[in-house]
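Colleague: First the structure, which I've put down as C-alpha cells, then a few questions once you've had a look.
The values are calculated or read from the model by the stated rules, or taken from the named source; none is laboratory data. Just so we're clear, the structure is a prediction, and the values are computed from it rather than from any experiment. Quick reminder, even Gly has a Cβ in these numbers, built from the backbone with ideal geometry, and neighbours come from all protein chains shown. Quick note on the areas: whole protein, heavy atoms, side chains included, nothing else; ligands and nucleic acids left out. Shrake-Rupley method; radii C 1.70, N 1.55, O 1.52, S 1.80 Å.
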Amino acid sequence: MICAALMEAVRCWSLRAEEDAVISPAPVNPASVSLPQHRGTAAAYQLTAGVGRAFFFKMSVFGPVVKIHPVVLASICDSYERRNEGASRVIGTILGTIDKHSIEVTNCFSVPHNESEDEVAVDMEFAKNMYELHKRVSPTEVIIGWYATGFDITEHSVLIHEYYSREATNPIHLTVDTALQSGKMNIRAYVSAQMGVPGKTVGVMFTPLSVKYIYYDTERIGVDLLQRTRVTPSRTKGLTSDLSQVGSAASRIQDMLTTVLAYIEDVLSGKVTADNSVGRFLMDLVNKVPTITAEDFENMLNSNINDLLMVTYLSNLTQAQIALNEKLVLL
C-alpha cells in the first residue's frame, strides 16, 4: 500500500492538486468541547451534546499557497503503514516556514492518538517533546498545522484543530488520502474560520488552499528513482552508480540542446514564428556559459574525475580497514 501511495504521489507531483473542498453535513460540536482531561500522557477531548456544525464548501481558493516537499508525503505514508492495529487513520504535526504569500511544508512527525465514536485522545506531551527535538536540528522550522490521513474531514478533526490553534496562528489542516479511495492520492490543505451567531449556533468553516509540490535538488534524486520504478513489473529499482548518473545527465542535456537547435533552425527558416520570451531565455543561457577552450575544459574535467576517483578509493580503503579491525577485535 505504501508503494502504491508513493507512486501515486510521484505521478501527480507535476500536477496541481485538486482544491475543491468536500461538502459534508456531518454534525460536530466545536462550541461544546470540554477542556482537556489528562489520562496518563494523553490528553482527551470529550465530545458533549452541542449544536455546532462544520461546513466544507466548494468555493474559490483564497489565502496563501501551501508548498509541500516529497519527504513530507513519504513520512506520512510510512506512518500510515506503521499505524497501530485497528487504527483507521494517523495524525501528526507538520513543520515548515511561513512567508507573506506561501506556507512551505518541509517536515512532519506522527503523534499517537486514539479515536472512538464520542472521544479522541491525543498525546500532547509527545508532540511537544518531538517539536523540541526538531527545533535543535532545524531551528527555523515552526509548527504550521497538522495532517491526517483519509479522504474526508471528520467531526474529531475540529477538536484536534482546536488544539493546534493554540500552538500556531491560523494553522493549516492537511489531508492525505493514503488509502486511495478516489483512485489516486488526493492531497488537500484547509484553514478554518468560526462562523455563526455569537451565543447561538456556532460552527467551523474549512476553506481550501492551493497546494503545490516543490523539492530540493537532493530530494529530486529520490523522486526520479521512484518514477523509474513505475515502469518495472517488480516495482523495484536499484540505485545507479555515479558514472551512470553522469552519463544519463549528459544524454538529457544533449537531447535538450538538440531540441533548442531545431527550434532555432525553424525560426531562421521561417517555419516557426519567433517568440521574444524564448529568445530572452536563450540569450540568458548563452551568457551564463563561461568562455573556455575545449582543451582547458578537458583538463579541468579530467582533474575533477581524478579527484573523485581518489576520494572513492580512500573511502573504500577506510571501509575495508574498519571491517578488518572489527574482525580482529572479535578474535
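Colleague: Rounded to the nearest 5, what % of the DSSP beta bridges within the stretch 65-217 are antiparallel ones?
Modeller: Working: 30 of 42 bridges.
So the antiparallel bridges amount to about 70 percent of the total.
Colleague: What part of the accessible area of the stretch 65-217, given as a whole %, is carbon or sulfur when the probe is 1.4 angstrom?
Modeller: Details: 3460 of 7030 Å².
The C+S portion of the solvent-accessible surface of the stretch 65-217 is 49 percent.
Colleague: In the structure displayed, which of Lys67/Lys128; Lys135/Lys212; Lys100/Lys200; Lys135/Lys327 lie more than 31 Å apart, Cα to Cα? List each step's numbers first, then the result.
Modeller: On the way: Lys67/Lys128 24 Å; Lys135/Lys212 25 Å; Lys100/Lys200 35 Å; Lys135/Lys327 39 Å.
Over 31 Å apart, Cα to Cα: Lys100/Lys200; Lys135/Lys327.
Colleague: Also: Residue by residue through the stretch 152-165, which ³J(HN,Hα) values in whole Hz follow from phi under the Karplus form 6.51 cos²θ - 1.76 cosθ + 1.60 (θ = phi - 60°), with glycine and proline marked x?
Modeller: Each residue of the stretch 152-165 in turn: 10, 8, 9, 5, 6, 4, 5, 5, 5, 5, 5, 5, 5, 5 Hz.
Colleague: Here is a further query. Amide H neighbours of Cys108 under 5 Å, counting only residues 5+ apart in sequence or on other chains, H built in-plane at 1.01 Å?
Modeller: It is Leu95, by chain and number.
Colleague: Further question on the same structure: Hey, what does the equivalent ellipsoid look like for the stretch 261-331, semi-axes from the Cα gyration tensor as sqrt of 5 times each eigenvalue, largest first, whole Å?
Modeller: Numbers: eigenvalues 561, 52, 20 Å².
Three semi-axes, in Å: 53, 16, 10.
Colleague: Which of the peptides 116-126, 177-187, 284-294, 222-232 is most tightly packed, and how do the rest follow, going by the mean number of other Cβ atoms within 10 Å of each residue? Write down the numbers at each step before the final one.
Modeller: Values: 116-126: 16.0, 177-187: 17.5, 284-294: 7.5, 222-232: 13.8.
Packing proxy ranking, top to bottom: 177-187, 116-126, 222-232, 284-294.
Colleague: In square angstrom, what is the accessible area per residue of the stretch 248-299 with a 1.4 angstrom probe? Provide the component values of the computation, followed by the final result.
Modeller: Numbers: 4650 Å² over 52 residues.
I get 89 Å² per residue for this part.
Colleague: Going by amide H atoms built from the backbone, whose H comes under 5 Å of the H on Ala179, apart from near neighbours?
Modeller: Counting only residues 5 or more places away or on other chains, the set is Gly150.
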